[in-house]
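Enquirer: After the structure tokens below, expect a handful of questions from me.
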Amino acid sequence: MTDRSTSPRPLDGITVISFEHAIAAPFCTRQLADLGARVIKIERPQVGDFARAYDTRANGLSSHFVWTNRSKESLALDAKKPGSDAIVKSLLAKADVLVQNLAPGAAARMGLSFEALHQRFPKLIVCDISGYGEGGPYEQKKAYDLLIQSEGGFLSVTGGAGEDEIAKAGCSIADIAAGMYAYTGVLSALHLRNKTGLGSRVDVSMLESLVEWMGYPLYYSYNNAPPPPRAGASHSTIYPYGPFPASAGETVMLGLQNEREWSLFCEIVLGKPELLHDTRFNSNTNRSTNREALRTIIVEKFAELGTEEVIKRLDEAPIANAKVNTMHQVWEHPQLRARERWVEVDSPQGKLPALLPPGVNRAYQPRMDAIPTIGQHNESILSELGYSAEQISELKQVGAV
């Protein structure tokens, strides 16, 4: 059997330079690092990526930062100080990819636009991540995850039915979407470079990334049709699909997708085959329209059966179902443990658990290295670029590093 710990990774030998902060760009580059890329994260001296200060929940470290920054090297560099520009250009001369999610226009002012770099570094791939993308009336507008959830329509279809019950996603969904498209965009640009020999630019907009994920509610409301109603944790247009109380304050989550499953649900789970002939419930459209009446029937039966018997019947049917797990229960999830998806990574505060990247490839092991401190790799990176100890000391004195 092949020793996966010594097997080559897909991006071994690829170097990524990243001017990054918060989530979108760091999430992109962490995934590149997972595949073996060397990621040099450029941070502000002393302060670093501002996501380092979001909280202290992971052994004193920020939960956001721990999640998105393992396996990287940190170079603390003040781009406004003398000597910093030469360092950046030396890094880019040896790099394959530049990723940035600085404020709109900041990278261009630093001479880091694709147009400014392409002639000098023709093989360099540049990935720009912003709230709204290049051009258009929103180009210079500031963007954060919640604001993009709002602009992209996500909030309009999420939460409870009341006017004051809109709800944001509990994780940074707009940042994650942009990070994923940046990640795949860089991979496709590397593949394109293998064909053309030239680097290219990837322009990722948080708004466009999230709106792509809104495809179903967009088409559902096409041509001025009513949009999907907000339905809390239930599906807005498929029923029954969502949470139902059972017994002892417990909740069962279930989902039906078709008429075959509806028949099994009535016969095996509810023990009420007569519902199959009830015209209120003889199609998904009718069940969704009459969901309150159907919910009353389901809740009454579930209370009579109890949680364990409900789940037993759902599994026998079989009807898709799930527990409504807390974060603590996810840490202990038996499926993740059975598949050995948790490992440990080093950090400035000791070992921390980390989930192996989704998408298992048995040919290699993903890279799962330490989370860096601010400027941890200054000496090694600058020495690699040919800077002497005296020159590094001078850069420190002027505040460049």
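The values are calculated or read from the model by the stated rules, or taken from the named source; none is laboratory data. Note that this is a predicted model, so its numbers are computed, not measured. FYI the Cβ positions are ideal-geometry reconstructions off the backbone, even for glycines, and counts take in every protein chain you see.
Enquirer: Can you tell me which residue in region 107-131 is surrounded by the fewest Cβ atoms within 10 Å (Cβ to Cβ), limited to those that are assigned to a helix (DSSP H, G or I) and touching a residue at least 24 places away in the same chain (Cβ under 8 Å)?
Expert: His118
Enquirer: Of everything in region 40-89, what is more than 19 Å from the chain's Cα centre (by Cα), of a type in the set (S, T, N, Q) and assigned to a helix (DSSP H, G or I)? Give them in sequence order.
Expert: Within region 40-89, just Ser84 meets the criteria.
Enquirer: Identify, by number, the condition in (1) more than 24 Å from Gly152 (Cα to Cα); (2) surrounded by fewer than 18 Cβ atoms within 10 Å (Cβ to Cβ); (3) not polar (S, T, N, Q) that Pro226 doesn't meet.
Expert: Of everything listed in (1) more than 24 Å from Gly152 (Cα to Cα); (2) surrounded by fewer than 18 Cβ atoms within 10 Å (Cβ to Cβ); (3) not polar (S, T, N, Q), Pro226 misses just condition (1).
Enquirer: Among the candidates Asp34, Asp96, Asp12, single out the residue that is surrounded by fewer than 18 Cβ atoms within 10 Å (Cβ to Cβ) and either more than 27 Å from Leu395 (Cβ to Cβ) or not polar (S, T, N, Q) (or both).
Expert: Asp12
Enquirer: From the list Ser234, Ser200, exactly one residue is touching a strand residue (DSSP E or B) at 6+ places or on another chain (Cβ under 8 Å), closer than 30 Å to Tyr138 by Cα and buried (at least 16 other Cβ atoms within 10 Å of the Cβ). Which is it?
Expert: Ser200
Enquirer: Here is a list: Gly185, Gly153. Which entry is modelled with pLDDT of 95 or more, in the same structural domain as Pro10 (by TED's automatic domain parsing) and touching a Cys at 6+ places or on another chain (Cβ under 7 Å)? Walk me through it before giving the result.
Expert: Values: Gly153 fails: touching a Cys at 6+ places or on another chain (Cβ under 7 Å).
Answer to the selection: Gly185.
Enquirer: Right, another one. Specify the residue that is nearest to Ile125 (Cα to Cα); the eligible residues are those in region 182-237 that are hydrophobic (A, V, I, L, M, F, W, C) and touching a helix residue (DSSP H, G or I) at 6+ places or on another chain (Cβ under 6 Å).
Expert: Filtering region 182-237 for residues that are hydrophobic (A, V, I, L, M, F, W, C) and touching a helix residue (DSSP H, G or I) at 6+ places or on another chain (Cβ under 6 Å), the one nearest to Ile125 (Cα to Cα) comes out as Val202.
Enquirer: Here is a follow-up. Kindly establish whether Leu92 is in a loop (DSSP other than H, G, I, E, B) and in contact (Cβ under 8 Å) with a residue 60 or more places away in the chain.
Expert: Working: in a loop (DSSP other than H, G, I, E, B): no; in contact (Cβ under 8 Å) with a residue 60 or more places away in the chain: yes.
When the stated conditions are applied, Leu92 does not pass them.
Enquirer: State the number of residues belonging to region 360-386 that are at pLDDT below 95 and touching a helix residue (DSSP H, G or I) at 6+ places or on another chain (Cβ under 8 Å).
Expert: Total meeting the criteria: 1.
Enquirer: May I pose another question? Quick one: which of Arg339, Arg313, Arg367 is crowded, with 16+ Cβ neighbours inside 10 Å and within 22 Å of the chain's Cα centre (by Cα)? Don't jump to the end; show me each part of the working.
Expert: Working: Arg339 fails: crowded, with 16+ Cβ neighbours inside 10 Å; Arg313 fails: within 22 Å of the chain's Cα centre (by Cα).
Unique residue meeting the criteria: Arg367.
Enquirer: Determine whether Ala177 is in a helix (DSSP H, G or I), of a type outside the set (Val, Ile, Thr) and crowded, with 21+ Cβ neighbours inside 10 Å.
Expert: Judged against the criteria, Ala177 is a match.
Enquirer: Would you pick out the residues in region 292-307 that are surrounded by 12 or more Cβ atoms within 10 Å (Cβ to Cβ) and without any contact (Cβ under 8 Å) to a residue 40 or more places away in the chain?
Expert: Filtering region 292-307 for residues surrounded by 12 or more Cβ atoms within 10 Å (Cβ to Cβ) gives 293-295, 297-299, 301-307.
Ala293, Ile297, Lys301, Glu304, listed by residue number.
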